[in-house]
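One structure below.
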Amino acid sequence: MYSEKVMDHFTHPRNVGEIENPDGVGEVGNAKCGDIMRMYLKIEGDVIEDVKFKTFGCGSAIASSSMATELIKGKTIEEAMALTNKAVAEALDGLPPVKMHCSVLAEQAIKSALLDYSKKHNVVIPGLEDLNFDDEDHHDLIEND
Amino acid sequence: MQKYIYMDNAATTPVKKEVLEEMLPYFSENYGNPSSIYSLGSKSKVAVEKAREQVAKAIGADKKEIFFTAGGSESDNWAIKGVAYKNKSKGNHIITSKIEHHAVLHTCEYLEKQGFDVTYLDVDEDGLINLEDLEKAITDKTILISIMYANNEIGTIQPISEIGKIAKKRNIYFHTDAVQALGSIKIDVKDQNIDMLSLSGHKFYGPKGVGALYIRQGLKLDTLISGGGQERGKRAGTENVASIVGLGKAIELAYENLEENNEKLIKLRDKMIKDIEEKIPYVRLNGHRNKRLPGNVNFCFRFIEGESLLLSLDMVGVAGSSGSACTSGSLDPSHVLLSIGLPHEIAHGSLRLSLGSFNNEEEVDYVVENLVEIVDRLRKMSPLYDKFLEVK
């Protein structure tokens, strides 16, 4: 059911853990739905120097978190902002349709962490103004696909 | 090759060799249609009737009361819809429980759309229905009580004999979905006042796609599948001879060594439960500790999600199952786990390991050993566990 890439990132997730004194932390999802992602960012200038995650969820949630961290590590904030859930899913060689919401969560987790960074550091990041991480948003998003 | 440990015997079981051997001649050699009058046909007829007798004997019924079907779901559909439609003029009320298999629940929901009223009884934290609730739910419109013998997920065994007594006293038909119980529990439909009982071959080392419905003699119900006159005119369709033969053999084998098998299984089950409780913190055993299917182990592991548990177990060659939402494709975890009062986040972390005849102690040790590591690894990754430790 899962691609080899998904299984690889699930069994050997990259960047698991926490960052002490992070510049930004974001958490999305909820336990009721069975998935929560938390992202930690270390930012120097406008570059994401380090990123770590913790995830409660299914195999594809863990793999999506892992892949998302790989895709933004060492990238600029602008590049991280441009990361879409589709790009995360494609990098994993695809996710089953019912699991696409996991990639949405990964995208939202990054944006949520960047939002935290922008607030703490008084930095304006274009594109974060009207973000809304409603609890079940990521599920609705998929059902309307 | 990595060893493979199958602990999902509640989902299905392998066909036993002795069963397969009995079945084989009925594919290419004795392929006659049981309805044909020539000798090749009669051979099939005799085989089907032998199986009918084997089933009847296993549950204390008469062979005239056994009707072969395509499996548990068909048997459940037939029993419930058949009685409901036949008894429409007497009443339109059905009583069942919230933790039934979907073959019962969805059939009842369908009947609700047809104008029937259905009461779905609550269960307690162990998954048991309350007999007083049942008595209170009965009205003069109640025509059927359908309560499963034992639950497929958490293994809890219902007080079937007591339910049978109540149903008899109140003159209401009693159906039980015994798909999980059959082959693990001694059943006597007469002693227990069971009017209809569903069973399915592949849960007790028989083939898939074949089951039976026991219907007490004299009980009238509508036919679900119309056509030829097979199964005494009650269930049309050329008999699935080889599978019926397999079902008959499998049920015979299951009851031949029932006590011995159960003793071994219960020992294994209780060892596994004890080991998991001792070696892994923050777990909850789901289902009743004693009124429980001999092979059923079902736990919730807090702070982690069931599908990632299953995938990790699969990586080390272990097959189990989970009631988490992520394994069902829906947003909600299993209705059974929610009905016993588990909050969503805990229900998501469920794991069922169902033991069978082919499992042994060494396998149980291997699985628990790996489970300790897997749970630890997933918890270290879980923000829920972090939060829990912070509060602590």
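Per the conditions (1) in contact (Cβ under 8 Å) with a residue 40 or more places away in the chain; (2) in contact with a Pro (Cβ under 8 Å, 6 or more places away or on another chain), the sole criterion not satisfied by A:Phe56 is (1). For region B:312-345, a residue qualifies if it is within 11 Å of chain A (Cβ to nearest Cβ), buried (at least 20 other Cβ atoms within 10 Å of the Cβ) and at pLDDT 95 or above, and exactly one does: B:Ser312. If you go through region B:245-276 and pick out every residue that is in contact with a helix residue (DSSP H, G or I) (Cβ under 9 Å, 6 or more places away or on another chain) and among the β-branched types (Val, Ile, Thr), you end up with 3. Given the condition part of a loop (DSSP other than H, G, I, E, B) and more than 22 Å from B:Glu278 (Cα to Cα), answer yes or no: does some residue in region B:302-322 qualify? Taking every residue of region B:302-322 in turn, at least one turns out to be part of a loop (DSSP other than H, G, I, E, B) and more than 22 Å from B:Glu278 (Cα to Cα).
Taken over region A:99-145, residues that are of a type in the set (D, E, K, R), at pLDDT 90 or above and surrounded by fewer than 18 Cβ atoms within 10 Å (Cβ to Cβ) amount to 2. Inside region B:359-371, residues that are in a helix (DSSP H, G or I) and either within 11 Å of chain A (Cβ to nearest Cβ) or loosely packed, with under 14 Cβ neighbours inside 10 Å (or both) make up a count of 4. Scanning region B:285-303 for any residue that is surrounded by fewer than 23 Cβ atoms within 10 Å (Cβ to Cβ), basic (Lys, Arg), away from chain A (no Cβ under 14 Å) and touching a residue at least 60 places away in the same chain (Cβ under 8 Å) turns up at least one such residue. Does B:Lys203 satisfy the condition of being closer than 24 Å to B:Thr107 by Cα, part of a loop (DSSP other than H, G, I, E, B) and among the basic types (Lys, Arg)? When the stated conditions are applied, B:Lys203 does not pass them. Every listed requirement among (1) over 21 Å from the mean Cα position of the chain (by Cα); (2) part of a loop (DSSP other than H, G, I, E, B); (3) not β-branched (Val, Ile, Thr) is met by B:Gln180 save one, (1). A Cβ distance below 8 Å, combined with a sequence gap of six or more or placement on separate chains, defines the contacts here; from region B:58-86, residues that are of a type in the set (Asp, Glu) reach residues that are in a helix (DSSP H, G or I) and crowded, with 23+ Cβ neighbours inside 10 Å in the pairs B:Asp76/B:Val104; B:Asp76/B:Thr107.
The values are calculated or read from the model by the stated rules, or taken from the named source; none is laboratory data. Note that this is a predicted model, so its numbers are computed, not measured. Glycine also receives a Cβ, built like all others from the backbone with ideal geometry; neighbour counts cover every protein chain displayed.
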